[in-house]
Amino acid sequence: MTDSARRIDPVIAPPGTRGFRDAGGLPAAGWRADLGDETLVPTHCCFCGVQCGMYLRVAGGKVFGVEPRNHDINRMRLCPKGLNAYQQVNHPDRLTAPLLRRSRGEPFREVGWEEALDHVAERIRAIQAEHGRDAFGMLGGASLFSEKTYLVGKFARVALRTRHVDYNGRLCMVSAAGANKLAFGIDRAANPFADILQTDCLLIAGANVGECFPVMTQYVWGARDRGAVLIVVDPRQTAIARTADVHVALRSGTDSAFFNAVLNTVVREGLTDEAFLAGHTSGWDEVRAAVAAYTPERAAEICGIPAEQVVRVARLFGGAPRAMAWHARGIEHHTQGVENCLSVINLCTATGNLGRPGCGYGTITGQGNGQGGREHGQKADLLPGGRSILDPVHRRQISEIWGIDETELPTAGTSMMEMVHQMRRREIRGLLGVCNNPFVSLPHHSVVKEGYDTLDFHVQLDFFLSETAADAHVVLPVTTWAEDEGVMANAEARVVKHNKAQDPPPGVLTDTRVLCELAERLGAGDKFRFAGSREVFDELRRASAGTVVDYHGITYERLEETGGIAWPCPSVDHPGTPRLFEDGRTYHPDGTVHLQVVEWHPPADPYDDEYPMTLTTGRTVAHYLSGNQTRRLGGLVEQTPRPWVEVHPSHGFRTGDAVRVVTRRGATVLPALVTEAIRTDHVFVPYHWPYPVAANQLTIDALDPRSKIPEYKVCAVRIERAEHLDEVPAPPVPPGRTAYPQAQASRTDPLPPTAPQGRGTAERG
């Protein structure tokens, strides 16, 4: 057997990696189809944190289609977004030349790259010379490859030398990250998806799996087929909740009270694992004393659910031989998001459900690289490898790798939403944004718009003209995921490789090239001598070596051979770490789970007679985040052309009625989707669309004090009848173009989807 064959033979794979093997297994160049010059390029979806494997179909040097891939993440399955993702690569809305204007009152004009980059560098230097280095900020994104997120953090600290850098993952995973670090000393899910298949009781909290992570549903069904009990905690009866053994339709913003009460019952009924608690935890006595106050009856009053339901969940979860809990934004988007996550960790730990197949705790990543995007330095308080920017040892290590004096390395910055307020106060005068769209994604839209409009200079990098980019002074066109190579880390912390399928259109550069060119103009070019992603990844590997987030043993070649490697992976002969805590130790120095006392407190936005109900927001299956990509793809727009408001039939509306949704920050008029799948005291609005139908003109910009995540999932609201629906705007396009008509015809449909997961217009009848 040759060395090459031995490396990819799944029969003799290193322990723990066989379940991660890719059925294809060879590098991209080895894949050929039978049809003419068509090539199938193996890669992964650009959207959610499941990171489904797919083939991009390429002919004549252009991506023209997609096929599902028998990767062990998704086993030939793709969701509607994955099936349509390829269409953005050669989309007529693509940006293909830099856009520049001297003031927002002028129209954009197309310019050459030299003029655009020189102008950006000149404005950066001028603002920093007059107002200081921290007057210029930078915002990255968690849909970028890890190589690019690494560059964002390095560029901010070495080229801009500013402390103000953060990323849109601040709106996604940071509550879970904060809880994981506090409890376990490591920021990632403890188990691979495959462990779900072996559990006896699966608890899913605040995760609309069927719409936000559709292909992950196969693991839930697989567990059910083997007899597992399913518990879903969600104010809405989502697709996955409809199939649950127990659906806990609690009041939004009461999660920690519920989980404290479940743990209270577990303790009272003797379902704790005392041996595990004694040998592997600290802080249990304090937690046990705190949850004693959270009786099922008290939780019933706070959460608006039957007390008997608390007891049933406790018995099912605590009595199962193997139990798992997974959660997502539903319990994380709160001013007590970190505490909500900690309350779930407390339950898993107290029942001994850690470190074994079918037993554990996971957080489902919303963005494609939500996990990898925060690991290597674009988060305000972190350096590569998950190092703390406040730790003198960590600062010295990274300064040596970057070739700078430690005194030149800025200190910690502020979070994404806090930066907006600093813009309003003129503390931040200029901003560089990379593939993010805060005009749609950040809460309290009027405040966000004011902050950005106050900037002296604003530049965005993107491949479509987002609502935020349309407000900028300079827009720089960059590549899609299919026009470059790089890695992402999915919700399991499995690092997977995306392969380049085509060259970018003429006039488009990679994000890497743009940042390196700007660094050269800012006098830091010697620190950014990267020809492409491979050179960046090599430096990233060195920068992460020896840390908790250790990528040193991960190479492009190993990723192509294995289909993915879970970090930490300290050496090239290490198989990776798909499951944490198998030896009973966490990543704290003492090796124990640091259990944390959690006390429930009400949401930030108070209820009263004027605003008596709860608004909660979320995603829908056809769209992704701010919609800058998916609102341009015809099939997805046709399936879900506009936002709506879900209301319970008890309010007297009929489906399609115009309903004005009003909070203390704004109002919008949307069509009603009348359904019994939501609590009577709640309404739901999906958030993928811009003003004037933006859900985030309604949401509150209150932040979790530790994670700084906004409280998207609960605010006080009233609903009232209206006469006319607010119009759904078409996505912005470059000067001289009109929005791609084939993707926009459905926007004027006045009715909501016939079901929460959308519909095609042909179903209207």
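Would you mind getting the Kirkwood hydrodynamic radius of region 412-555 from its Cα pairs, rounded to one decimal in Å? The partial results should precede the final answer.
Values: mean 1/r = 0.0577 Å⁻¹.
Kirkwood radius, region 412-555: 17.3 Å.
Which three semi-axes in whole Å describe the equivalent ellipsoid of region 388-491, each the square root of 5 times a Cα gyration tensor eigenvalue, listed largest first?
Working from the Cα gyration tensor, I get semi-axes of 27, 21, 13 Å.
Trypsin sites (Lys or Arg not before Pro) within region 60-95: which are DSSP loop residues with at most 15 other Cβ atoms inside 10 Å?
On the way: sites: Lys62, Arg69, Arg75, Arg77, Lys81, Arg94; in loops: Arg69, Arg75, Arg77, Arg94.
Taking region 60-95 and a limit of 15 other Cβ atoms within 10 Å, the loop trypsin sites (Lys or Arg not before Pro) found are Arg75.
Per residue of region 499-510, in order, report the coupling 6.51 cos²θ - 1.76 cosθ + 1.60 (Karplus, θ = phi - 60°) as ³J(HN,Hα) in whole Hz, putting x for Gly and Pro.
10, 6, 10, 7, 6, x, x, x, x, 10, 10, 6
Tell me the carbon and sulfur percent of the accessible area for the chain, rounded to whole percent, probe radius 1.4 Å.
Carbon plus sulfur share of accessible area: 50 percent.
I'd like the distance between the alpha-carbon centres of region 141-192 and region 55-100, rounded to an integer number of Å.
Each part reduced to its Cα centre gives a spacing of 26 Å.
Which far-off residues, 5 or more places away or on another chain, put their amide H under 5 Å from the one on Glu375, with H placed in the peptide plane?
Those lying under 5 Å, H to H, from Glu375: there are none.
When Rg is the radius of gyration of the Cα atoms in region 458-534 and Rh is its Kirkwood radius, what does Rg/Rh come to?
Details: Rg = 14.3 Å, Rh = 14.1 Å.
For region 458-534, the value is 1.01.
Apply 1/(1 + (r/R0)^6) to the Cβ-Cβ distance of Asp590 and Arg426, taking R0 = 41 Å, and write down the FRET efficiency to the nearest 0.05.
For Asp590 and Arg426, the calculated efficiency is 0.35.
At Ser388 and Asp118, where each label point lies 7 Å from the Cα along Cα→Cβ, what is the point-to-point distance in nanometres?
4.6
Can you give the calculated 222 nm mean residue ellipticity of the chain, where each DSSP H run of n ≥ 4 adds -39,500 (n - 2.57) and the sum is split over every residue, rounded to the nearest 500 deg cm²/dmol?
-7500 deg cm²/dmol
Out of residues 5 or more away from His44 or on other chains, whose amide H comes under 5 Å of its own, with H placed 1.01 Å from N in the peptide plane?
Met54, Asn499
Over 19 Å between C-alpha atoms is what I'm after, so list which of Lys62/Lys148; Lys379/Lys713; Lys148/Lys527; Lys81/Lys148; Lys81/Lys708; Lys154/Lys708 land there. Numbers along the way, then the final one.
Details: Lys62/Lys148 24 Å; Lys379/Lys713 23 Å; Lys148/Lys527 15 Å; Lys81/Lys148 23 Å; Lys81/Lys708 29 Å; Lys154/Lys708 22 Å.
From Lys62/Lys148; Lys379/Lys713; Lys148/Lys527; Lys81/Lys148; Lys81/Lys708; Lys154/Lys708, over 19 Å: Lys62/Lys148; Lys379/Lys713; Lys81/Lys148; Lys81/Lys708; Lys154/Lys708.
With +1 on each Lys and Arg Cβ and -1 on each Asp and Glu Cβ, how big is the dipole of the chain about its Cα centre, in debye rounded to the nearest 20?
On the way: 81 positive and 91 negative charges, 111 e Å.
I would put it at about 540 debye.
From the phi of every residue in region 520-527, what ³J(HN,Hα) in whole Hz does the Karplus formula 6.51 cos²θ - 1.76 cosθ + 1.60 yield, where θ is phi - 60° and glycine or proline is x?
Per-residue couplings from phi come out as 4, 6, 9, x, 10, x, 5, 8 Hz.
Provide the FRET efficiency to the nearest 0.05 for the Glu535-Thr655 pair, computing r from the beta carbons and using R0 = 56 Å.
0.55
State in Å² the accessible area per residue of the chain; use a 1.4 Å probe, count heavy atoms of protein chains only, and round to the nearest integer.
About 32 Å² of surface per residue is accessible.
How many angstrom lie between the Cα centre of region 663-731 and the Cα centre of region 456-484?
Comparing the Cα centres of region 663-731 and region 456-484, I get a distance of 26 Å.
Fully extended, how many nm does the chain gain between Val597 and Gln742 (0.36 nm per residue separation, minus their Cα-Cα distance)?
That works out to 46.8 nm of additional length.
Which listed residue (Leu636, Val598, Thr620) has the Cα farthest towards the positive end of the charge dipole for region 590-696, taking +1 on Lys and Arg C-beta and -1 on Asp and Glu C-beta about the Cα centre?
Farthest along the dipole direction, towards plus: Leu636.
List, in order, the whole-Hz ³J(HN,Hα) value for each residue of region 705-722 obtained from phi through the Karplus relation with A = 6.51, B = -1.76, C = 1.60 and θ = phi - 60°; use x for Gly and Pro.
x, 9, 8, 6, 7, x, 8, 5, 8, 7, 7, 6, 8, 10, 10, 8, 5, 9
Using 1/(1 + (r/R0)^6) with R0 = 30 angstrom and r between the beta carbons of Asp225 and Asp285, what's the FRET efficiency to the nearest 0.05?
Values: r = 40 Å, r/R0 = 1.34.
The value I calculate is 0.15.
Could you state the principal axis extents of the C-alpha atoms in the chain, from the largest down, to the nearest angstrom?
For the chain, the Cα spread along each principal axis is 72, 70, 59 Å.
The values are calculated or read from the model by the stated rules, or taken from the named source; none is laboratory data. Treat the numbers as computed from the prediction; the structure is a model and nothing was measured. Note: ideal-geometry Cβ built from the backbone for every residue, glycine included; neighbour counts use all protein chains shown. Accessible surface is based on the protein model in full, side chains and every heavy atom, while ligands, DNA and RNA are left aside. Shrake-Rupley method; radii C 1.70, N 1.55, O 1.52, S 1.80 Å.
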